[in-house]
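Each remark here refers to the structure printed beneath this line.
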Amino acid sequence: MTAQPYAVRFSAPAAKILATLPEHVEDTVWDVLDAAAADPWGFGQWNADDPEGEDVRYASVGQLSLTYWVNRPLCRLSVLTITWLG
């Protein structure tokens, strides 16, 4: 039996940013989130010095960075920020 991927939710600020991104960047956001949903801890911890913050992660691909929180009880990823340097 394989584990179900985590559902993805966006914070209001992240949703606003997503709506303004070019289509190819939005596609990349979804590709990164697909990978994160399948393995939420596969990306780096936001602050590796914070032992209680292991569920806040960042995923970075080229000029795109996402910060998300792994909500274990609800099996969700909450996207906190999206940064695109383009």
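A few notes on this one:
- Subset of the range 69-78 that is under 11 Å from the mean Cα position of the chain (by Cα) and of a type in the set (A, V, I, L, M) - its residue that is surrounded by the most Cβ atoms within 10 Å (Cβ to Cβ): Leu77
- Within the set Asp49, Asp34, the sole residue that is among the acidic types (Asp, Glu) and either without any contact (Cβ under 8 Å) to a residue 12 or more places away in the chain or open to solvent by less than 60 Å² (accessible area, probe 1.4 Å) (or both) turns out to be Asp49.
- Considering Ala15, Ala19, Ala48, Ala37, the condition of being at pLDDT below 95, out of contact with any Ser or Thr (no Cβ under 9 Å at 6 or more places or on another chain), not β-branched (Val, Ile, Thr) and not in a loop (DSSP other than H, G, I, E, B) is satisfied by Ala37 alone.
- Among the residues of the range 1-31, those that are among the β-branched types (Val, Ile, Thr) and exposed (fewer than 12 other Cβ atoms within 10 Å of the Cβ) comprise Thr2, Thr20.
- Filter pass, Thr81 being assigned to a strand (DSSP E or B), open to solvent by 30 Å² or more (accessible area, probe 1.4 Å), touching a strand residue (DSSP E or B) at 6+ places or on another chain (Cβ under 6 Å) and not aromatic (Phe, Trp, Tyr): yes
- Selection over the range 52-68 of residues that are within 13 Å of Ala14 (Cβ to Cβ), buried (at least 18 other Cβ atoms within 10 Å of the Cβ) and not aliphatic (A, V, I, L, M) gives a count of 2.
- Tally, over the range 37-46, of residues that are surrounded by 15 or more Cβ atoms within 10 Å (Cβ to Cβ) and among the small types (Gly, Ala, Ser): 1
The values are calculated or read from the model by the stated rules, or taken from the named source; none is laboratory data. Everything numeric in this text was worked out from a predicted model, so none of it was measured. Here Cβ is always computed from backbone atoms with ideal geometry, including for glycine, and neighbour counts include all displayed protein chains. In case anyone asks, the SASA skips ligands and DNA or RNA and just uses the protein heavy atoms, side chains included. Shrake-Rupley method; radii C 1.70, N 1.55, O 1.52, S 1.80 Å.
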